[in-house]
Amino acid sequence: GKLSGANSVSVDLNAGGNQTIEAKNIILAVGSEVTPLPTCVVDNSKHRIVDSTGALDLPAVPKKMVVVGGGVIGLEMGSVWRRLGAEVTVVEFLDTITPGIDKEVTQAFLKILKKQGMKFMLSTKVTASEVVGDGVKLTLEP
C-alpha cells in the first residue's frame, strides 16, 4: 500500500483492485532489519544463532536463550519466549535497554521484563560465539 493523502492509505487487495482506507491517525510499521554482528554469525537453518525471523521459526521452546542487544525487537522476542518457558538473558553493550527511548519509559519497560523473569547483563560486550553441540558458547567482556 501507499499513503494517498493526509489521512488515507491505498491498499492493493489480494483478490485484485485496491481499497482506500481513511483514518484520523495512521501508523507506518515498516518492519525491521537485523544489524549483523561479526561475533554472532546468524544461521537460521540450524536454530542456534538466529535473528528475529529465525526466532519465530524455532521448532520448540528452548530451555535457555540469550538475546544479544537490548533493542525493541529482540526484547519482544525474548519476552515471548520467556512467557513460553525459556530462561532468557539479555546481553547489552550499553548501560541501558532500548536506546533512544525516553528514560522513564525504558526503566518501566525494564521493570516489567524483569518481573517476567528475564535477566539482564548491561554494559557487557559479546566478543565471540561458538556453536557447541546443541548450544552456543558466548565469550563476554564487561
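Rolling a 1.4 Å probe over the protein heavy atoms leaves MET121 with an accessible area of roughly 80 Å².
Over every pair of different alpha-carbon atoms in region 43-114, take the mean of 1/r and invert it; report that Kirkwood radius in Å. Its Kirkwood hydrodynamic radius stands at 12.7 Å. With semi-axes defined as the square roots of five times the eigenvalues of the C-alpha gyration tensor, the equivalent ellipsoid of region 74-140 measures 23, 16, 8 Å, largest first.
First measure r as the distance between the Cβ atoms of LEU37 and LYS63, then evaluate 1/(1 + (r/R0)^6) with R0 = 30 Å and state the FRET efficiency to the nearest 0.05.
0.85
Structure remark: mean-square fluctuation, Gaussian network model of the chain, C-alpha springs under 10 Å; the largest value among LEU84, LEU110, LEU75 belongs to LEU84.
Here region 1-78 has an Rg and Dmax of 18.1, 48 Å, counting Cα atoms alone. Annotation: lysines with alpha-carbon distance below 18 angstrom to LYS125 (same-chain offsets under eight excluded): LYS137. Across GLU87, GLU33, GLU92, the residue with the most accessible area heads the list, and the full order at a 1.4 Å probe is GLU33, GLU87, GLU92.
Considering only the other residues whose Cβ falls under 12 Å of the Cβ of ASN7, what net charge follows from Lys and Arg at +1 and Asp and Glu at -1? Summing Lys/Arg as +1 and Asp/Glu as -1 gives 0.
Bridging of LYS24 to lysines at a Cα separation below 20 Å is possible for LYS2, once same-chain residues fewer than 8 apart are set aside. For LYS103, the lysines whose Cα falls under 17 Å of its own Cα, not counting residues fewer than eight places away in the same chain, are LYS111, LYS114. Expressed as a fraction of 2.2 N^0.38 Å, the value expected for a compact globular protein of N residues, the C-alpha radius of gyration of region 1-134 is 1.31.
Anyone know which of GLY31, GLY100, GLY70 comes out most mobile in the 10 Å Cα GNM of the chain? Taking springs between Cα atoms under 10 Å, the residue moving most is GLY31. Modelled spin labels at ASN25 and LYS125, positioned 7 Å past Cα toward Cβ, are 4.0 nm from each other. Computed over the chain, the per-residue total of -39500 (n - 2.57) for DSSP H runs of n ≥ 4 gives a 222 nm mean residue ellipticity of -6000 deg cm²/dmol, rounded to 500.
Fully extending the segment from ASN14 to GLU87 would add 22.3 nm, taking 0.36 nm per residue of separation and subtracting the current Cα-Cα distance.
Rounded to the nearest 5, what is the percent of antiparallel bridges among the DSSP beta bridges in region 1-139? Here the antiparallel bridges make up roughly 65 percent for region 1-139.
Proximity of backbone amide H atoms, modeled 1.01 Å from N, is registered between VAL67 and THR89, VAL90, VAL91 at under 5 Å, excluding neighbours fewer than 5 places apart on the same chain.
The values are calculated or read from the model by the stated rules, or taken from the named source; none is laboratory data. The structure displayed is predicted, hence computed values, not measured ones. Virtual Cβ from ideal backbone geometry, glycine too; neighbours counted across all protein chains shown. Quick note on the areas: whole protein, heavy atoms, side chains included, nothing else; ligands and nucleic acids left out. Shrake-Rupley method; radii C 1.70, N 1.55, O 1.52, S 1.80 Å.
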